[in-house]
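Structure first, commentary second.
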Amino acid sequence: MENGIQFEDKLKELELIAHKLESADVSLEESIKLFEKGMQISKECSDALNDAKQKITLLTEELK
């Protein structure tokens, strides 16, 4: 993940964004920005999970 930020940190940030979006105190413009950022973080997490899955698959294939 970018800038050495860990997967778990990205998930926490995504949770914070979700809580902010659920808040009535956020303007439409800010909601759109938060949603955009959340989608980017979600993609980064998904990519990290796919990479981990590939590594695990390779490792388990080597053991066969």
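Filter the stretch 14-57 for residues that are charged (D, E, K, R) and in a loop (DSSP other than H, G, I, E, B) and give the result. Spell out how you get there, then give the answer.
Looking only at the stretch 14-57, we keep the residues that are charged (D, E, K, R), and these are 15, 20, 22, 25, 29-30, 33, 36-37, 43-44, 47, 51, 53, 55.
Scanning the stretch 14-57 gives a single hit, ASP25.
A Cβ distance below 9 Å, combined with a sequence gap of six or more or placement on separate chains, defines the contacts here; from the stretch 19-40, residues that are open to solvent by 100 Å² or more (accessible area, probe 1.4 Å) reach residues that are of a type in the set (Ser, Thr, Tyr) in the pairs LYS20/SER31. Within the stretch 41-59, the set of residues being closer than 19 Å to ILE5 by Cβ, open to solvent by less than 100 Å² (accessible area, probe 1.4 Å) and not aliphatic (A, V, I, L, M) comprises SER42, GLU44, CYS45, SER46, ASP47, ASN50, ASP51. Among the conditions (1) open to solvent by less than 70 Å² (accessible area, probe 1.4 Å); (2) out of contact with any Cys (no Cβ under 8 Å at 6 or more places or on another chain); (3) assigned to a helix (DSSP H, G or I), the only one that LYS10 does not satisfy is (2). Do you know which residues across the stretch 28-46 are out of contact with any Lys or Arg (no Cβ under 9 Å at 6 or more places or on another chain) and among the charged types (D, E, K, R)? Listed by number, the residues that qualify are GLU29, LYS33, GLU36, LYS37, LYS43.
The values are calculated or read from the model by the stated rules, or taken from the named source; none is laboratory data. Bear in mind the structure is a predicted one, so any value in this text is a computation, not a measurement. Because the Cβ atoms are built from the backbone with ideal geometry, glycine has one as well, and the counts that use them run over all protein chains shown. When the accessible area is computed, the model is the full protein with side chains, heavy atoms only, and any ligands, DNA or RNA have been set aside. Shrake-Rupley method; radii C 1.70, N 1.55, O 1.52, S 1.80 Å.
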